[in-house]
Amino acid sequence: MVTADRPAFLGDRPMPYCRGCGHGLVARRLAEALGRLGLDASQVVLTSDIGCVGLVDPLFPSVHTVHTIHGRSTAVAAGAVLADTLLGEGRMKNVVMIGDGGATIGLLHLTQAALMNVDLTVLLHNNMLYGMTGGQHSALTPEGFVTSTTLAGNWLPALDMEQVLRGCHGGFYARQLATDRELADVIAEAIEFPGFALVEIFELCTGFGVPLNEMDGKTLRALAEADGRELGVRIRRPDRRPYHALYRERFPSRAGAPPAPAAAAPSSPFAHRLERSLGVVIAGSAGERVQTAAAVLTQAAVLSGLHCVQKNDYPVTVGSGFSLSEVKLCTEPILYTGIDEPDAVLIVSADGLREVKGRRDLDRLGPRGLVIVDESLAGELPPGRALAAPLRRTLRADAAALGAVALLVARTGVLARDAVLAAVDAVGGKDAGALRAAVEAAVPGG
Amino acid sequence: MTVRAEIRLRSGNQMVVEGALRAGCRFFSGYPITPASEIYREMTLQLQARGEVAVGAPDEISALCYCIGASQRGVKSMTATSGPGWALMIEAFQWALMTETPVVVAVVQRLGPSTGGATQGAQGDVLLTEFATSGGYTVPVFAPSTPLECFALTVQAFNWSEALRTPVVLLSDKEVAMTYEAVDLGALPDLPVWARPQAAGAGYRAVGFAAPDEVPPFAPLTGPLKVTLTGSAHNKDGWLRKNDPETLEVLHHLEAKVAARAGEMAMVTEDLDEDADTVVVSYGITARAAREAVRAARAAGRRVSFLGLLTLFPVPAGAVRAAVGDARRVVVAEENLGGLYRRVLAGVLPAVELRGVNRLGGMIRPAEILEAL
């Protein structure tokens, strides 16, 4: 046990803090705790935030030190711990040193690390204001406390970190004073705790807090205990398992990539009759498998040795409104992926028609362009412009788009019907049978 | 003739994932945002299946910070986002640059400013990625235009990030990212995979380099060599020092190590006519329309060249000058106002007439480029 004036881990530099500042006390208690735990210096990572608390790194000359950007120290430490526990040896002890700013800017990082129960320890140096920048008030400033920006006293209550931690199902939380004799023990317990641990340490800022407020050790205790809050270890939840244990249980470690599925043998391409390129717009309603129909067409083209691109468009609410796909097939590699003059437009629902009208696809249709619409929409197009088919009536609504694709293929002859059926098998998954039936029903016989 | 069985429909986003896995990425953290969400989802499924780490973050700042922390532990890491998320990541990105932490950020551009258009393409973040850093440091930025280039440039983004110990941006766009194309997965290029230089014990300093363009060997957190990292200006031991010549040396070194390799990092695609009077320069999705426009112009008897930029930064100045040769005019096609990259090229080609083809809200069509020729 190292409890001498200079505990192990603490180098021989003088403390850089103002006389009487609590930061120096916390550094000493941390050094004692590390020594008590018998940790190897290479295991220890000290992650420090911006502010006076960020001066801590050189005080610990043997451990790894990571001085981060303001508020982000907890997130950076969490990433390092996740990598170490899940992909490394899992011997890292990461201690994050934050002040008021680290807690307020970094509040989301704290709550997320607590929620995930990432195995790290945060020492929150709560001196109730932003010290390094001139003693401005923070969210941790108690009501009535004078700061350089609340000269008549802060008029908001202080954020209660214990309640925050409870809301995150935090595993370990202690509220201490920097002068507490048991602080080293509490820090040691926090470091040993297998999960997220936060020790909130109340301190005096002798640069600003003390001159602006009439304070001594008793006032500090009174402020820390205000509103019925209690000092000491307030949350201990060994039932909460650390993130890495839960993760590993679900996703076991494997050496390298999972084995690739055996490659299917190359096949002879289906014959096609595409002269150069074909641009197809397929429009329908969300949830009616427009994209699947497009994927079948695209896959059939792949199986016919053609080049192809497919783009899907839909409103941000994927489950309502239109669904539209553009498919471009070509005998040559495709450069420009847009379809400025479609060769075919397939419209299988009123949503789809509205979208096509908005995009003006029909106006841009080439002179030999083909329009296939569900019969229910035929009246909304100029007479004789479109091939109307009873897609929604004879097939199900969610097979209408595929039926239109089958009609397109049959009508133009650009692809073999067998290519479409093979594509259905390739992209249809468990629904391949139903999709195949839709193709058969749309264009019987073959 | 046969159809190879490994030909699959893949989006640019999916091929970024293929590239990341090929490059040895073992840690991904993300926050969903269109049009980058597919990278997040696929990386999550793929890495979890491999027993490696994919973790959802509560915001983009957390996502990049998790990646940086993991990389400092020695693991190749990546995140993916779009313009609004990139804006949030910039502070942490600078910290990665300052601490010489390798990390790859895939920025999939969408229409801006602000929320802009989530499902509309754009090439508006070209300079926002490059000049996100205070002080004039070069951020390597690679811009794919096809799924295959998404794969290859992601591998290269990791390679350069590791080799140089610096953060790298893979700059894609919605139209590249979310368009599905036939890709022969059995014929992906067999690219080498690089690792960051590792520190040995002897003579180790936290920021150890002799010549300014040397890359300091890396020591991981929890390794035997003490790691000292800081975003503050620091000396070669990694300690904050003001008014110290060594601190300035470190700051210059951060740029020198990238600048010295600008030539090696330059990647372009070319379709050149030595007697061209006009060269069409483009990148990302627009490069494809540009190439098509050049073909059409040639069919009409014009002498024109095409230059596609895969490396946007460091500016591939040598390759650009060589491709332009004696041409008197350069047309730069890009989906943004005012020609963001055209402004960069103005410094490279001071004596050439620079003309822009620019558009917002949709892909630039080959016909629009043809008109400008």
Quick check: anything in region B:232-243 farther than 27 Å from residue B:311 by Cα, of a type outside the set (Asp, Glu) and touching a His at 6+ places or on another chain (Cβ under 6 Å)?
-> yes
Does at least one position in region A:40-56 carry a residue that is in contact (Cβ under 8 Å) with a residue 60 or more places away in the chain, in a helix (DSSP H, G or I), assigned by TED's automatic domain parsing to the domain that holds residue A:241 and buried (at least 18 other Cβ atoms within 10 Å of the Cβ)?
-> yes
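Counting only residues that are free of Cβ contacts under 8 Å to residues at least 60 places away in the same chain and either over 18 Å from residue B:168 (Cβ atoms) or among the β-branched types (Val, Ile, Thr) (or both), give me the strands (runs of 3 or more DSSP E) lying completely in region B:1-90 with at least 1 of them.
Working: elements: B:7-11, B:27-30, B:53-56, B:77-81.
Strands (runs of 3 or more DSSP E) meeting the threshold: B:53-56, B:77-81.
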Scan B:354, B:345, B:340, B:349 and give me the residue that is surrounded by fewer than 22 Cβ atoms within 10 Å (Cβ to Cβ), over 23 Å from residue B:275 (Cα atoms) and at pLDDT 95 or above.
-> B:340
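Condition first: closer than 14 Å to residue B:272 by Cα and surrounded by 21 or more Cβ atoms within 10 Å (Cβ to Cβ). Now tell me which residues in region B:298-319 satisfy that. It would help to see each step written out before you state the result.
Within region B:298-319, the first condition is being closer than 14 Å to residue B:272 by Cα, and the residues that meet it are B:298, B:302-309, B:319.
Scanning region B:298-319 gives B:304, B:305, B:306, B:307, B:308, B:309.
More than 24 Å from residue B:174 (Cβ to Cβ), within 14 Å of another protein chain (Cβ to nearest Cβ) and out of contact with any strand residue (DSSP E or B) (no Cβ under 9 Å at 6 or more places or on another chain) - does that describe any residue in region B:300-321? Lay out the reasoning, then the answer.
Just the residues of region B:300-321 that are more than 24 Å from residue B:174 (Cβ to Cβ), to begin with: B:300-305, B:314-321.
Okay, now just the ones that are also within 14 Å of another protein chain (Cβ to nearest Cβ), so none.
No, there is no match, as no residue in region B:300-321 is more than 24 Å from residue B:174 (Cβ to Cβ), within 14 Å of another protein chain (Cβ to nearest Cβ) and out of contact with any strand residue (DSSP E or B) (no Cβ under 9 Å at 6 or more places or on another chain).
What about residue B:238, is it within 14 Å of another protein chain (Cβ to nearest Cβ), crowded, with 20+ Cβ neighbours inside 10 Å and either of a type in the set (Gly, Ala, Ser) or assigned to a loop (DSSP other than H, G, I, E, B) (or both)?
On the way: within 14 Å of another protein chain (Cβ to nearest Cβ): yes; crowded, with 20+ Cβ neighbours inside 10 Å: yes; either of a type in the set (Gly, Ala, Ser) or assigned to a loop (DSSP other than H, G, I, E, B) (or both): yes.
Criteria met by residue B:238.
Let's see how each residue does on (1) more than 9 Å from every other protein chain (Cβ to nearest Cβ); (2) over 21 Å from the mean Cα position of the chain (by Cα):
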position: B:56; (1), (2): yes, yes
position: B:67; (1), (2): no, no
position: B:72; (1), (2): no, no
position: B:89; (1), (2): yes, no
position: B:105; (1), (2): yes, no
position: B:108; (1), (2): yes, no
Matching residues in region A:396-437 - criterion: being within 37 Å of the chain's Cα centre (by Cα) and of a type in the set (Lys, Arg) | A:430
Taking residue A:352, is it touching a Phe, Trp or Tyr at 6+ places or on another chain (Cβ under 8 Å), closer than 24 Å to residue A:410 by Cβ and more than 12 Å from every other protein chain (Cβ to nearest Cβ)?
-> yes
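Here is a yes/no grid of residues against (1) assigned by TED's automatic domain parsing to the domain that holds residue A:345; (2) in a strand (DSSP E or B); (3) touching a residue at least 60 places away in the same chain (Cβ under 8 Å):
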residue: A:376; (1), (2), (3): yes, no, no
residue: A:383; (1), (2), (3): yes, no, no
residue: A:388; (1), (2), (3): yes, yes, no
residue: A:392; (1), (2), (3): yes, no, no
residue: A:398; (1), (2), (3): yes, no, yes
residue: A:401; (1), (2), (3): yes, no, yes
residue: A:404; (1), (2), (3): yes, no, yes
residue: A:409; (1), (2), (3): yes, no, yes
residue: A:419; (1), (2), (3): yes, no, yes
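Could you check region A:299-324 and list, in sequence order, the residues that are outside any strand (DSSP E or B), in contact with a Ser or Thr (Cβ under 8 Å, 6 or more places away or on another chain) and closer than 25 Å to residue A:418 by Cα? Write out each step before concluding.
Step one: of region A:299-324, the residues outside any strand (DSSP E or B) are A:299-306, A:314-321.
Adding the requirement that they be in contact with a Ser or Thr (Cβ under 8 Å, 6 or more places away or on another chain) leaves A:303, A:306, A:314, A:316, A:321.
Those that are outside any strand (DSSP E or B), in contact with a Ser or Thr (Cβ under 8 Å, 6 or more places away or on another chain) and closer than 25 Å to residue A:418 by Cα: A:303, A:306.
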If you scan region A:309-341, which residues turn out to be surrounded by fewer than 24 Cβ atoms within 10 Å (Cβ to Cβ), farther than 23 Å from residue A:396 by Cα and touching a helix residue (DSSP H, G or I) at 6+ places or on another chain (Cβ under 7 Å)?
-> A:335, A:336, A:337, A:340, A:341
Every residue from region A:180-211 that is at pLDDT 95 or above, β-branched (Val, Ile, Thr) and more than 20 Å from residue A:112 (Cα to Cα) = A:186, A:187, A:201
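The values are calculated or read from the model by the stated rules, or taken from the named source; none is laboratory data. Here the structure is a predicted model, which means the values were calculated and not measured. Cβ coordinates were reconstructed from backbone atoms using ideal geometry, including for glycine residues, and neighbour counts include every protein chain displayed.
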